[in-house]
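Student: This is the structure I want to talk about, given as structure tokens.
The values are calculated or read from the model by the stated rules, or taken from the named source; none is laboratory data. Note that the structure is predicted; figures quoted are calculated from it, not measured. In this analysis, Cβ positions are derived from the backbone assuming ideal geometry, glycine residues included, and neighbour counts consider all displayed protein chains.
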């Protein structure tokens, strides 16, 4: 039972991160019908931006001889998180504006190939030797970095399950962000416009919706969520390197497909279901197959219910 | 074109190529030879991937997985039979015969893997197919990494050095001839029809899934061949040789040359391999260059360098061959652009 609960906690902790990243895939797919291959790398850039910002604002180790006060820690942690979200939002804007927008009228395959290109540019560009040395090292190079502890880690034990305040904070922040997004998508004028563009971009344009601006903001929003996910993940699993976005990105994509790509609640449910599935399967069987689990789930979903849990079936018209 | 002539024209490249390569083999310095081997292997890979991505218009990202299947099959056979000498044959001939069997087995197992992957996934379209093939490629790799029999993550080492210029050259020629013959056959027409408009092709009675699976299997078999060749050139087969990145490299070659152009695939495989070899000291920039190349190409010339045109569509070649079939070839008749398979809204639906 304890083992079961432990897997539940771990699964939820990973699952909420998949869910946050999956939201970016699903929103972009909704408005552009494009799998933004580079989204996993935006998530990676989010973690690195957090790392640099932590260096800039001078996050001191909370374990040091002179531990910073709670207020100071809180302010710095939020600065780092919000800053990383802004940086990734900008990155999302740049990617959309210069790589995808010129190709919007072209065949979808063209955009897909460009997306793969952008993804590899970020991954391998970040692996180059640093060109700028101070105040931050950019690009960071191939060796893994250790993400600083933004807040002090306090191990907890509930019903024999070991977890930490990181898991709890991460989960709460992720849920808050998702509720916020839910509000934006379903309760604001921007959200209404976004859903209209997703429904039919041409008609939405005719109704006076600024389609380009909506698409740009969708990218910005998705990328900011990915940055938050990157930081939540990096705080509890502090090893970051330029390639870690690739596999996490693909898994988050699987989560989006599982939930029904294009559906916002679907991405949240899909992410959590995938996180739990991975944790339970790897936990009770052979953990060396962990990375293959997500792909197996993807293939099963596409074969059995291609529209996903929340998706609607569409009939192709000619 | 009579069938005897067709056979002759298919066999001719082998007859010309084999003696030249056999003469070249002993005089070629080892470090140039290995570059030529990787050029040849990349020609096989790019041309075979072009059958799926170019001819059929499906987007596969799992080529490296099939390479792995071929490489491990061949390695198991050559290592297992390394002490065996066939009766009545000198050792060299016996070794080459064993390698030939290994190559054939590599193609067959890779083709079987192609059927297993293709049957379920080819019902999907466009970007979904791309992700699923990527997933299958990673699953193949993950399975290999977990099998004791295949040496897990360290892979198989101590493979006999069997790959030489003749094998590689013959394989490259075989792949190009196969692709060329396929393109002018009724089978090839069906593939082009699927690329141009899948729904229309289906309405015209083309068994779209069946043809897609066939194209996929052919492509997988040649990828297996390439995997077997490269592993017996560097005497090693490890899972790290067959990652997703390897698949992307091949995709870049095909896209750069032009989806659907055999000439394009061959030329871009040669040019990219040699130029990256020449820039070996900038190894770190290799993938950055690939990525930038992909983006720039999509923005500036999405149809690739050759589009869907071929060398033999040039007026000069047509006059030389006076081959009407080739002149009206399918590649020349199709629009030089990547087709949209969008399922999104198209104005009035």
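Student: Limited to segment B:281-297, what total is found for residues that are closer than 22 Å to residue A:140 by Cβ and touching a residue at least 24 places away in the same chain (Cβ under 8 Å)?
Tutor: The total comes to 2.
Student: Within segment A:138-151, take every residue that is within 17 Å of residue A:44 (Cα to Cα) and either buried (at least 17 other Cβ atoms within 10 Å of the Cβ) or in contact with a strand residue (DSSP E or B) (Cβ under 8 Å, 6 or more places away or on another chain) (or both) and give me the one that is farthest from the other protein chains (Cβ to nearest Cβ).
Tutor: It comes out as A:148.
Student: Might you check whether a residue that is over 17 Å from residue B:269 (Cα atoms), part of a helix (DSSP H, G or I) and touching a residue at least 60 places away in the same chain (Cβ under 8 Å) occurs anywhere in segment B:32-50?
Tutor: Within segment B:32-50, none of the residues are over 17 Å from residue B:269 (Cα atoms), part of a helix (DSSP H, G or I) and touching a residue at least 60 places away in the same chain (Cβ under 8 Å).
Student: I'd like the residue in segment B:110-125 that is surrounded by 21 or more Cβ atoms within 10 Å (Cβ to Cβ) and in a helix (DSSP H, G or I) and, out of all such residues, is modelled with the lowest pLDDT.
Tutor: Filtering segment B:110-125 down to residues surrounded by 21 or more Cβ atoms within 10 Å (Cβ to Cβ) leaves B:110-111, B:113-114, B:117-118, B:121-122.
Okay, now just the ones that are also in a helix (DSSP H, G or I), so B:110-111, B:113-114, B:117-118, B:121.
Working: B:110: 94, B:111: 95, B:113: 92, B:114: 91, B:117: 86, B:118: 85, B:121: 76.
Looking at the filtered set, the residue picked out is B:121.
Student: Let me ask another. State yes or no: is residue A:98 more than 19 Å from the chain's Cα centre (by Cα) and either outside any helix (DSSP H, G or I) or within 14 Å of another protein chain (Cβ to nearest Cβ) (or both)?
Tutor: Yes: the conditions hold for residue A:98.
Student: Out of segment B:117-150, which residues are within 14 Å of residue B:73 (Cβ to Cβ), free of Cβ contacts under 8 Å to residues at least 12 places away in the same chain and more than 9 Å from chain A (Cβ to nearest Cβ)?
Tutor: B:147, B:149
Student: Which condition number in (1) touching a helix residue (DSSP H, G or I) at 6+ places or on another chain (Cβ under 9 Å); (2) more than 13 Å from residue B:46 (Cα to Cα) is the one that residue B:196 fails?
Tutor: All conditions pass for residue B:196, except number (1).
Student: Here's another thing I want to ask about it. Restricting attention to segment B:213-237, which residues are over 21 Å from residue B:270 (Cα atoms) and modelled with pLDDT under 90?
Tutor: Selection gives B:235, B:236, B:237.
Student: Yes or no: residue A:274 more than 11 Å from chain B (Cβ to nearest Cβ) and surrounded by 17 or more Cβ atoms within 10 Å (Cβ to Cβ)?
Tutor: So residue A:274 passes the test.
Student: More than 13 Å from chain A (Cβ to nearest Cβ), within 21 Å of residue B:212 (Cβ to Cβ) and either touching a residue at least 60 places away in the same chain (Cβ under 8 Å) or buried (at least 24 other Cβ atoms within 10 Å of the Cβ) (or both), is that true of residue B:64?
Tutor: The answer is yes for residue B:64.
Student: Here are B:133, B:56, B:73: which of them is within 21 Å of residue B:152 (Cβ to Cβ) and either out of contact with any strand residue (DSSP E or B) (no Cβ under 7 Å at 6 or more places or on another chain) or modelled with pLDDT of 85 or more (or both)?
Tutor: Every option except B:73 fails the conditions.
Student: Does segment B:166-197 hold any residues that are farther than 25 Å from residue B:217 by Cβ and either buried (at least 22 other Cβ atoms within 10 Å of the Cβ) or at pLDDT 90 or above (or both), and which are they? Can you show your working first?
Tutor: The first filter runs over segment B:166-197 and keeps only residues farther than 25 Å from residue B:217 by Cβ, leaving B:166.
Of everything in segment B:166-197, nothing turns out to be farther than 25 Å from residue B:217 by Cβ and either buried (at least 22 other Cβ atoms within 10 Å of the Cβ) or at pLDDT 90 or above (or both).
Student: Regarding segment B:85-104, can at least one residue be identified that is surrounded by fewer than 22 Cβ atoms within 10 Å (Cβ to Cβ), free of Cβ contacts under 8 Å to residues at least 60 places away in the same chain, facing another protein chain (nearest Cβ under 10 Å) and not in a helix (DSSP H, G or I)?
Tutor: There is no residue in segment B:85-104 that is surrounded by fewer than 22 Cβ atoms within 10 Å (Cβ to Cβ), free of Cβ contacts under 8 Å to residues at least 60 places away in the same chain, facing another protein chain (nearest Cβ under 10 Å) and not in a helix (DSSP H, G or I).
Student: What is the number of the single condition among (1) at pLDDT below 85; (2) in a helix (DSSP H, G or I) that residue B:82 does not meet?
Tutor: Single failed check for residue B:82: (2).
Student: Given the criteria touching a helix residue (DSSP H, G or I) at 6+ places or on another chain (Cβ under 9 Å), more than 28 Å from residue A:107 (Cα to Cα) and modelled with pLDDT of 85 or more, does residue B:262 qualify? Steps first, answer last, please.
Tutor: Working: touching a helix residue (DSSP H, G or I) at 6+ places or on another chain (Cβ under 9 Å): yes; more than 28 Å from residue A:107 (Cα to Cα): no; modelled with pLDDT of 85 or more: yes.
No; evaluated as a whole, the condition is false for this residue.
Student: What is the residue count in segment B:202-211 for residues that are surrounded by 16 or more Cβ atoms within 10 Å (Cβ to Cβ), modelled with pLDDT under 90 and in a helix (DSSP H, G or I)?
Tutor: Matching residues across segment B:202-211 total 1.
Student: Further question: Take residues that are within 14 Å of chain B (Cβ to nearest Cβ) and out of contact with any strand residue (DSSP E or B) (no Cβ under 9 Å at 6 or more places or on another chain) and tell me which of the helices (runs of 4 or more DSSP H) falling wholly in segment A:152-264 contain 3 or more.
Tutor: Once the helices (runs of 4 or more DSSP H) in segment A:152-264 are filtered for at least 3 residues that are within 14 Å of chain B (Cβ to nearest Cβ) and out of contact with any strand residue (DSSP E or B) (no Cβ under 9 Å at 6 or more places or on another chain), what remains is A:189-199, A:201-206, A:244-259.
Student: For segment B:52-69, name all the residues that are under 21 Å from residue B:252 (Cβ atoms) and not in a loop (DSSP other than H, G, I, E, B).
Tutor: B:52, B:53, B:54, B:55, B:63, B:64, B:65, B:66, B:67, B:68
Student: Within segment A:13-23, can one find any residue that is under 20 Å from the mean Cα position of the chain (by Cα), at pLDDT 85 or above, within 14 Å of chain B (Cβ to nearest Cβ) and more than 30 Å from residue A:164 (Cα to Cα)?
Tutor: No: zero hits.
Student: Please state which of the following conditions residue B:149 fails to meet, knowing it meets all the rest: (1) outside any helix (DSSP H, G or I); (2) surrounded by fewer than 20 Cβ atoms within 10 Å (Cβ to Cβ).
Tutor: Of the numbered conditions (1) outside any helix (DSSP H, G or I); (2) surrounded by fewer than 20 Cβ atoms within 10 Å (Cβ to Cβ), the odd one out for residue B:149 is (1).
Student: Those residues that are within 7 Å of another protein chain (Cβ to nearest Cβ) and part of a helix (DSSP H, G or I), I need them from segment B:286-303; list them, please.
Tutor: Result: B:287, B:288, B:290, B:291, B:292, B:294, B:295, B:298, B:299.
Student: Residue A:129 is checked against (1) assigned to a loop (DSSP other than H, G, I, E, B); (2) without any contact (Cβ under 8 Å) to a residue 60 or more places away in the chain; (3) more than 14 Å from chain B (Cβ to nearest Cβ) and fails just one. What number does that condition carry?
Tutor: Just one mismatch for residue A:129, condition (3).
Student: Take segment B:260-285 and flag every residue that is closer than 23 Å to residue B:307 by Cβ and not in a helix (DSSP H, G or I).
Tutor: B:260, B:261 - these are the residues of segment B:260-285 that are closer than 23 Å to residue B:307 by Cβ and not in a helix (DSSP H, G or I).
Student: Same structure again: When you check residue A:75 against the structure, is it modelled with pLDDT of 90 or more, part of a helix (DSSP H, G or I), away from chain B (no Cβ under 14 Å) and surrounded by fewer than 22 Cβ atoms within 10 Å (Cβ to Cβ), yes or no?
Tutor: no
Student: Also, I was wondering about something else. May I ask you to list the residues in segment A:101-122 that are more than 20 Å from residue B:61 (Cα to Cα) and either more than 7 Å from chain B (Cβ to nearest Cβ) or crowded, with 24+ Cβ neighbours inside 10 Å (or both)?
Tutor: Selection gives A:101, A:104, A:105.
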